[in-house]
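Student: This structure is in structure tokens; I'll ask about it shortly.
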Amino acid sequence: MSSESRARIMARVRSSCAGNDAATIERELAGLGVAPAAQAPHEDSCVTFMVNVLRNQGTLDVAADRSTAVKLIGNYLYQHYRSHRLVAGNDPRLAAMPWRDGGVLPRFGEIEEGEQIALSYARWGLAETGATVFFTGKRNPSRNNLLPEHHLVLVDADTLLPDLESLWREVNTAIANGSRPRGIHCIAGPSSTGDIEGQIVYGAHGPRAWHVILMGNVSPEQQEAARALHAGKTGPAPA
Amino acid sequence: MEQHSQQFKENAANALADAGGVAQRDILALFTPIMRDAAVAEFGPYEALRQHVKRVRQHSLDNLDYYLARFELEATNNGNQVHYADSADEMNSIVLDICQQHGARKVAKGKSMVTEETGLNDYLQRGGLQVMETDLGEYIVQQAGETPSHIVGPALHKTRDQIRELFLDKHDLGERELESISDLVGEARVVLRDHFLQAEVGIIGSNALIAENGYSMLVTNEGNGDLCANLPNVLIICTTLDRVLPRAEDATAIQRLLVRSATGQPHTCYTSFYSGPRRAEDADGPLETHIILLDNHRTDILASDYSDMLRCIRCGSCLNHCPIFAATGGHAYGWVYPGPMGSVLTPLLTSLEASAALPNACTSCGRCAEVCPSAIPLPDMLRDLRHEQSVEKITPASWRQGLRLHAWLACRPGLYQFLTGIGIAVMHRIGRKKGGFRSLPLAGGWTSKRDFPSPQGKTFMQQYRQRSRSNEQ
Ligand code: SF4
């Protein structure tokens, strides 16, 4: 029985533990300090984010405004699928995009069989890992992140966070405000596998391609710095 | 899972007789350390991170009663059903009960060494369920009727040709080309996609459980674990109680260490955190979520001198750096966990008798301890296990007598040096012409594989004294 097992297991755990009170434990924990983060390839978080997206085998577009972003999305769809259609979550920010500017025909909701391209609006971009971060929910159904062949992601440049600790500060605030997400997805690249002879193949189960559109004030110098850093060195491969 | 650790030596001999397998393992043993080293160097303050995580993990284990209760409370408040399982059988029966309550027929499973440990697949299949492994490596070994050979890359012992034959045999898809590795991955994708969409229950493991908010962390490259966690109506997380960490940032600190040590990547494609079942405001996700916390001797380990082993984050780095693992491969170890971590864990999770060969499968080179991101003193633990074997008389009597004689001599340095001096002088005299010995009494194990070089005439201590004297003059 699980409840009897619980009692037995807890008794055994307690007999091996120091038996400190909560205040002592929390004080000791606070005294352990914080973990160091990875050294960034560039001091500018925006450049670091772009380099890491490219190292993650993502493709990257930069758009100064929403109209440009939609045009770039339209180009991407046409280039890869000779199509104008995609599926997007019920995110008001996506609903408000000027879709006609790019001739894009979005359908809002969850991805269905036969649909191959999904667009998501990331809550944050994470410079340390080059990940795009989502809360699962109506605005961002988890299937839209996991089932398409091509996953397109919009990220606002002013939502970029430097490291994992700053991400959790934001998430903890959301939880404290009563908006605990069911799932948090940090997506850093197309789905990949190295399970056969260690050779990397993209599109293991999830998207074969992951395309990030960074929207906002990103200077040509920042873009140039990111591309130069990426050209100098790409990230290691998964297994 | 059935244990065959007793046959380690036979298994190892068979593995070494397979030239193709040896070549494949040599390549892995060459490249995996290079990739890990590059990732560690690129990180920067790696040693500081390692020591930080070691302190946090130790603190979590020292206060596991507090953090376990906190995790249970938060996870329950999030809508999860939390179960405790004392033994492998109990975990299996909890999972089967949940599946049966929901009238499930198909189960999609993410990679989980814990469920390998409990033999969950066989148990569920005996209960009438169709269980499909969805991690590509796990899927391949499941289809082949084998077990994983590595805790991170379960099918790295198989060649593309073997996998091609396997898929042609198992997938009823007619005539087709399956030439490249991409073709093979593509075929598994198609076959498994259907299963993901049809499964009523998803089962995954957990890389960390976060006490402060009740979340569970999942780290994958393929995204299969996330499909298991999001598509079926019921999600079961099978994990162990030692995975609990105080804060979310502690889980991400582990993420930094784990992925670099495991694959040499800075991070995986998917790092996800799940808090509980779907609510009204969610578009999708499981309607019911269960978290099963398995003990299976972990509380015994916590109470023992081997509690450091509970810091293990299952990165597989010690396997990749172990000369024994490279030579024999993972199957030789005869149970779920191979390599140095397996040689410590297996005796602790099963018994010292049933795993007698494993603590001896070690050259004491120390590489595993050097690269272990959790700073676990693996060689020391292996030595302590060998000592326990000797005390409990599991070690053969001839070995024990030999070791006792050696210890007796080593405690008498004068006599030791005198006798070794004679031995070396005699061997020098006999062997100097040929330069080596084809066979030697008491050293048959050595000379069966290679010649024993003839000593140069004097022992180290004799030469040392000679040089010290000449330096003084
Ligand atoms: S013992 Fe250390 S190196 Fe080996 S799997 Fe565990 S954490 Fe990794």
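Student: All other residues with a Cβ under 10 Å from the Cβ of A:SER45 taken together, and with Lys, Arg as +1 and Asp, Glu as -1, what is their net charge?
Tutor: Numbers: positive: none; negative: A:GLU43, A:ASP44, A:GLU128, A:ASP163.
My count for the surroundings of A:SER45 gives -4.
Student: Another question, then. Local charge sum around B:GLU133 (other residues, Cβ-Cβ under 9 Å, Lys/Arg +1, Asp/Glu -1)? Intermediate results must be reported in sequence, preceding the final value.
Tutor: Details: positive: B:LYS109, B:LYS111; negative: B:ASP135, B:GLU138.
That sum, taken over residues with Cβ under 9 Å, equals 0.
Student: Could you order A:PHE135, A:PHE108, B:PHE196, B:PHE418 by accessible surface area, starting with the largest, using a probe radius of 1.4 Å? Display every interim value, and only then the final one.
Tutor: Numbers: A:PHE135 25, A:PHE108 75, B:PHE196 5, B:PHE418 125 Å².
The most accessible residue leads, giving B:PHE418, A:PHE108, A:PHE135, B:PHE196.
Student: Still on this structure, please answer the following. What accessible surface, in Å², does a 1.4 Å probe find on B:LEU73, ignoring ligands, DNA and RNA and rounding to the nearest 10?
Tutor: Answer for B:LEU73: close to 100 Å² accessible.
Student: Probe of 1.4 angstrom, ligands and nucleic acids ignored: what's the accessible area per residue over chain A, in square angstrom?
Tutor: Values: 10020 Å² over 239 residues.
Per-residue accessible area for chain A comes out at 42 Å².
Student: First compute the accessible area of the protein assembly as shown with a 1.4 Å probe, then give the percent of it belonging to carbon and sulfur atoms. Before the final figure, lay out the partial values.
Tutor: Working: 15360 of 29690 Å².
The nonpolar share, carbon plus sulfur, comes to 52 percent.
Student: Among the trypsin sites (Lys or Arg not before Pro) within the range B:377-419, which fall in a DSSP loop and have no more than 13 other Cβ atoms within 10 Å of their own Cβ?
Tutor: On the way: sites: B:ARG383, B:ARG386, B:LYS393, B:ARG400, B:ARG404; in loops: B:LYS393.
Those that pass, being in a loop and sparsely packed, are B:LYS393.
Student: Debye calculation, C-alpha points only, no solvent: report log10 I(q)/I(0) for the range A:143-239 at q = 0.13, 0.23 Å⁻¹, in the same order as the q values.
Tutor: Values returned for q = 0.13, 0.23 Å⁻¹ are -0.68, -1.29.
Student: What shape does chain A take by its C-alpha gyration tensor, where a ≥ b ≥ c are the square roots of the eigenvalues and a/c under 1.5 counts as rounded, a/b above b/c as prolate, and the rest as oblate?
Tutor: Working: a/c = 1.88, a/b = 1.61, b/c = 1.17.
Since a/c reaches 1.5 and a/b is larger than b/c, the shape of chain A is classed as prolate.
Student: What is the spread of the Cα atoms of the range A:98-208 along each of their three principal axes, largest first, in whole Å?
Tutor: Dimensions of the range A:98-208 along the principal axes of its Cα atoms: 43, 40, 25 Å.
Student: Once both axes come from the Cα atoms, what is the angle between helix A:164-176 and the longest principal axis of chain A, in degrees from 0 to 90, rounded to 10?
Tutor: In chain A, helix A:164-176 runs at an angle near 80 degrees to the longest axis.
Student: Return the value, in Å² to the nearest 100, of accessible area buried between chains A and B (probe 1.4 Å, both sides summed). Mind dumping the intermediate values first?
Tutor: Numbers: alone 13960 and 23410 Å², together 29690 Å².
Summed over both sides, the interface buries about 7700 Å².
Student: For the range B:45-299, state the average projected area of the convex hull of the C-alpha atoms over all orientations, rounded to one decimal in nm². Before the final figure, lay out the partial values.
Tutor: Numbers: hull surface 57.4 nm².
One quarter of the hull surface, i.e. the mean projection, equals 14.3 nm².
Student: Whole-Å semi-axes of the range B:29-147's equivalent ellipsoid, largest first, each the root of 5 times a Cα gyration tensor eigenvalue? Before the final figure, lay out the partial values.
Tutor: Details: eigenvalues 218, 129, 28 Å².
The three semi-axes for the range B:29-147 are 33, 25, 12 Å.
Student: All other residues with a Cβ under 12 Å from the Cβ of B:GLU2 taken together, and with Lys, Arg as +1 and Asp, Glu as -1, what is their net charge?
Tutor: Working: positive: none; negative: B:GLU116, B:GLU117, B:ASP122.
Here the count lands on -3.
Student: Further question: Where the centre of each part is set by its Cα atoms, how far does the range B:405-471 sit from the range A:44-107, in angstrom?
Tutor: 74
Student: In whole Hz, with x marking every Gly and Pro, tabulate ³J(HN,Hα) for the range A:146-153 from phi via Karplus 6.51 cos²θ - 1.76 cosθ + 1.60, θ = phi - 60°.
Tutor: Each residue's phi maps through the Karplus curve to give 10, 9, x, 6, 10, 10, 9, 10 Hz.
Student: Can you give the longest stretch of chain A with no exposed loop site, where a site means trypsin sites (Lys or Arg not before Pro) in a DSSP loop (not H, G, I, E or B) with at most 14 other C-beta atoms within 10 Å?
Tutor: Result for the longest clean stretch: A:83-232.
Student: While we're looking at this one, here's another question. Tell me the GluC sites (Glu not before Pro) within the range B:1-93 that lie in a loop according to DSSP and have at most 13 other beta-carbon atoms within 10 Å.
Tutor: Values: sites: B:GLU2, B:GLU10, B:GLU42, B:GLU47, B:GLU72, B:GLU74, B:GLU90; in loops: B:GLU2.
When the GluC sites (Glu not before Pro) of the range B:1-93 are filtered for loop state and at most 13 Cβ neighbours within 10 Å, B:GLU2 remain.
Student: Moving on. Thinking of chain B as a set of Cα atoms, what percent of all their pairs are more than 40 Å apart? Mind showing how you got there, number by number?
Tutor: Numbers: 31550 of 111628 pairs.
Cα-Cα pairs of chain B separated by over 40 Å account for 28 percent.
Student: Further question on the same structure: At 222 nm, what helix-only mean residue ellipticity would chain B give, in deg cm²/dmol to the nearest 500, using -39500 (n - 2.57) for each DSSP H run of four or more? Don't jump to the answer; show the numbers that get you there.
Tutor: On the way: 22 runs with 249 residues, N = 473.
That comes out to -16000 deg cm²/dmol.
Student: Now, a different point. Taking all protein chains together and a probe of 1.4 Å, list B:ASP451, B:ASP305 from the most accessible to the least accessible.
Tutor: Numbers: B:ASP451 85, B:ASP305 145 Å².
Putting B:ASP451, B:ASP305 in descending order of accessible area: B:ASP305, B:ASP451.
Student: Oh, and also: To test your reading of the geometry: what angle, between 0 and 90 degrees and rounded to tens, separates the Cα axis of helix B:413-431 from the longest principal axis of chain B?
Tutor: Long axis of B:413-431 versus the principal axis of chain B: about 80 degrees.
Student: Also: Report ³J(HN,Hα) in whole Hz for each residue of the range A:209-217, in order, from the Karplus equation J = 6.51 cos²θ - 1.76 cosθ + 1.60 where θ = phi - 60°; Gly and Pro get x.
Tutor: 9, 10, 10, 9, 10, 8, 10, x, 7
Student: Just to be sure I understand: with springs between alpha-carbon atoms less than 10 Å apart, which residue in A:THR129, A:THR68, A:THR24 has the highest mean-square fluctuation in the Gaussian network model of chain A?
Tutor: Result: A:THR24 has the largest fluctuation of those listed.
Student: Please list, by residue number, every one of the GluC sites (Glu not before Pro) in the range A:1-86 that is coil in DSSP and has at most 11 other beta-carbon atoms within 10 Å. Don't skip to the answer; put the middle values down first.
Tutor: Working: sites: A:GLU4, A:GLU26, A:GLU28, A:GLU43; in loops: A:GLU43.
Sites meeting the loop and neighbour criteria: A:GLU43.
Student: Per residue of the range A:19-29, what does 6.51 cos²θ - 1.76 cosθ + 1.60 with θ = phi - 60° give for ³J(HN,Hα)? Whole Hz please, x for Gly and Pro, Karplus curve as stated.
Tutor: In residue order, the calculated couplings are x, 5, 7, 4, 4, 5, 5, 5, 5, 4, 4 Hz.
Student: Which whole-number percentage describes the relative contact order of chain A, with Cα contacts under 8 Å and a sequence gap of 6 or more? Display every interim value, and only then the final one.
Tutor: On the way: 425 pairs, mean separation 56.2, N = 239.
Averaging sequence separation for qualifying contacts and normalising by length gives 24 percent for chain A.
Student: State the Cα centre-to-centre distance between the range B:254-280 and the range B:4-37 in whole Å.
Tutor: What the calculation gives is 28 Å, centre to centre.
Student: Could you tell me which of rounded, prolate or oblate describes the range B:106-200, using a ≥ b ≥ c as the square roots of the eigenvalues of the alpha-carbon gyration tensor, with rounded for a/c under 1.5 and, failing that, prolate when a/b is larger than b/c and oblate otherwise?
Tutor: Numbers: a/c = 1.99, a/b = 1.34, b/c = 1.49.
Verdict is oblate for the range B:106-200.
Student: Rounded to a whole number, what is D in µm²/s for the protein assembly as shown from Stokes-Einstein with the Kirkwood radius over alpha-carbon pairs (4 °C, 1.567 mPa s)? The partial results should precede the final answer.
Tutor: Values: Rh = 27.4 Å.
Once the numbers are plugged in, D ends up at 47 µm²/s.
Student: With everything on Cα atoms, drop me the angle between helix A:66-81 and the longest principal axis of chain A, reported from 0 to 90° to the nearest 10.
Tutor: Rounded to the nearest ten degrees, it is 80.
Student: Rg and Dmax of the range A:80-137, Cα atoms, in Å?
Tutor: For the range A:80-137, the Cα-based Rg and Dmax read 12.8, 35 Å.
Student: Is the shape of the range B:41-102 best called rounded, prolate or oblate, per the rule: a/c under 1.5 gives rounded, else a/b larger than b/c gives prolate, else oblate, with a ≥ b ≥ c the square roots of the Cα gyration tensor eigenvalues?
Tutor: Numbers: a/c = 2.60, a/b = 2.18, b/c = 1.19.
Taking the square roots of the gyration eigenvalues as a ≥ b ≥ c, the range B:41-102 is prolate.
The values are calculated or read from the model by the stated rules, or taken from the named source; none is laboratory data. On a predicted model such as this, the values are computed, not experimentally measured, just so you know. No Cβ is skipped: glycine too gets one built from the backbone with ideal geometry, and neighbour counts run over all protein chains shown. For accessibility, only protein heavy atoms count, side chains too; no ligands or nucleic acids. Shrake-Rupley method; radii C 1.70, N 1.55, O 1.52, S 1.80 Å.
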